[in-house]
Each structure stands twice: as C-alpha cells, then as structure tokens.
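Reviewing the structure listed below.
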Amino acid sequence: MISVYSISALILAYLFGSIPTAVWIGQAFYGIDIREYGSGNAGATNTFRVLGKKAGIPVMLIDILKGFTATNLAYFIGVSTTGNYHSIAFVNYELALGITAVMGHLFPIFAGFRGGKGIASLFGMVLAIHLQAALLCVLIFIIVLLITRYVSLSSIAAGFMYPIAVTFIFPVYIKSVIIYGMCICVLILVTHQKNIERLLKGKESKVNLFKKKAVV
C-alpha cells in the first residue's frame, strides 16, 4: 500500500543519491568542477584519476554510503507498510529505494542533473540487500583491477557477477532480486558505453590508486 511515508522515503532516497560528492569535494578543496577534467564523470574513479586518493577515497565511501543509507530507509518505513523484514514486499521496497538513490546519483538535482555512473551507490545498495553477493562482487572487482588496472572493466565484471551470485552461488527466493541483478548489467553497459568503446580500441586509461595526482 502506497502511503505518504513511503513516498516521502523515496523522495529522501533520491535526495541522498543526488548528493554530488565528487563535485562538492572538488569545488570545496580544489577549486575545480571535477566534470571538466579527466573523463568528465562526477564519480569516484574520475576523482581518483584527477585528484588522487585523498579526494577519491572520501568520494567513494560517501557514494557507497548514499546507496546503503537510502536502501536501509526501508527499515524505518517499510515494516509498517509491508509487514516484516523478510517479506517480498519489504525487499521490493528496499530495491525501490536503492534504485531511486542510484537515479539520484546519475541525475542529481543538486548538480544540474549531471552525475556519475552510479557504481559506488549501486554497491552500497547491494551491500544493504545481499551482503555475501556484495562481498563476492568486491572480490571480483579487486582481482580484475589488479590484473588489468582498468576500473571500468573491473566495475563491469563485478556488476555481472551479482546476478550470477544471487541466482547460482547464493540463490534467493525473491525473483525481483534476480531481475534487479539483470537490470544492473544493462545499466552498467549503458553507463559504460564509452568505456567499452575505448577498451575495444585499447584507449581506455589505466589507473594507479596509489599515485598522487595534482591539478595543473
């Protein structure tokens, strides 16, 4: 049942997601709009690339927290409307909140609707919904990153691991979680279209997370 509380939570989830962490940190501490440098993306990867780990780590952690916090709003609102923490309706409500936060990250109202690619916020959402699958995705991300040094390829591999994890490795009984996992794959392919083109052409930038970057 849709209530004023559930609608309010969705709006709040979008506002959480809309916090343009990379843009605000870049402007507050470095005097730049991160979207005018590097890949032009307002996300953690471009922040690492342009400003280094001192800016990249906070951006990544806050972006993860945005997805995690928004999804967990269900525990404050969802139980009263869906019955319990384990019901299909409750999990669907978690998914709705998390997806709304990711949309906020992609199209933030606080930054002219020019946001990032949503990977960190997606991870925060997955972390809130399925811890084991989230940790497996992290493992895949790290392995691919260490081998290739391509953050984009690592994100794509981790994203594709999620539906595999919830379907075969840690099977869930709620079909919407599996469908959501498949939608993650589509979203990642759409948001990483340019990265995929550069990967195929051998022109994608590699990243060194331990190298300090300075803006000239």
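The values are calculated or read from the model by the stated rules, or taken from the named source; none is laboratory data. Quick caveat: nothing in here was measured; it's all calculated off a predicted structure. Virtual Cβ from ideal backbone geometry, glycine too; neighbours counted across all protein chains shown.
Remarks
- The range 1-30, subset outside any helix (DSSP H, G or I) and among the hydrophobic types (A, V, I, L, M, F, W, C), residue surrounded by the most Cβ atoms within 10 Å (Cβ to Cβ): ILE19
- Selected residue (only one of ALA96, ALA44, ALA101 is touching a Gly at 6+ places or on another chain (Cβ under 6 Å), closer than 16 Å to SER8 by Cα, surrounded by 16 or more Cβ atoms within 10 Å (Cβ to Cβ) and not assigned by TED's automatic domain parsing to the domain that holds SER152): ALA101
- Counted residues, the range 47-79 - those being touching a Leu at 6+ places or on another chain (Cβ under 8 Å), surrounded by fewer than 19 Cβ atoms within 10 Å (Cβ to Cβ) and of a type in the set (Val, Ile, Thr): 0
- Which listed residue, of VAL50, VAL144, is free of Cβ contacts under 8 Å to residues at least 24 places away in the same chain and either outside the structural domain of GLY159 (by TED's automatic domain parsing) or more than 16 Å from CYS183 (Cβ to Cβ) (or both): VAL144
- Only listed residue being surrounded by 21 or more Cβ atoms within 10 Å (Cβ to Cβ) and not hydrophobic (A, V, I, L, M, F, W, C), chosen from PRO108, PRO163: PRO108
- Here is the figure for the range 171-181: residues that are loosely packed, with under 14 Cβ neighbours inside 10 Å and either of a type outside the set (Val, Ile, Thr) or closer than 30 Å to VAL207 by Cβ (or both) total 3.
- The range 100-125, subset of a type in the set (Val, Ile, Thr) and modelled with pLDDT of 95 or more, residue nearest to the chain's Cα centre (by Cα): VAL102
- Pairs linking a residue in the range 110-125 that is closer than 14 Å to HIS192 by Cβ to a residue that is in a loop (DSSP other than H, G, I, E, B), with Cβ atoms under 6 Å and 6 or more positions apart or on different chains, are GLY116/ASN41; GLY116/ALA42; GLY116/GLY43; LYS117/GLY43.
- If you go through the range 1-41 and keep only what is modelled with pLDDT of 95 or more and small (Gly, Ala, Ser), you end up with ALA13, GLY17, SER18, ALA22, GLY26, ALA28, GLY31.
- Verdict on LEU139 being without any contact (Cβ under 8 Å) to a residue 12 or more places away in the chain and touching a helix residue (DSSP H, G or I) at 6+ places or on another chain (Cβ under 9 Å): yes
- Of all residues in the range 68-84, at least one satisfies being assigned to a loop (DSSP other than H, G, I, E, B), of a type in the set (S, T, N, Q) and without any contact (Cβ under 8 Å) to a residue 40 or more places away in the chain.
- Test: residue in the range 204-213 that is of a type outside the set (S, T, N, Q) and outside any loop (DSSP other than H, G, I, E, B): no
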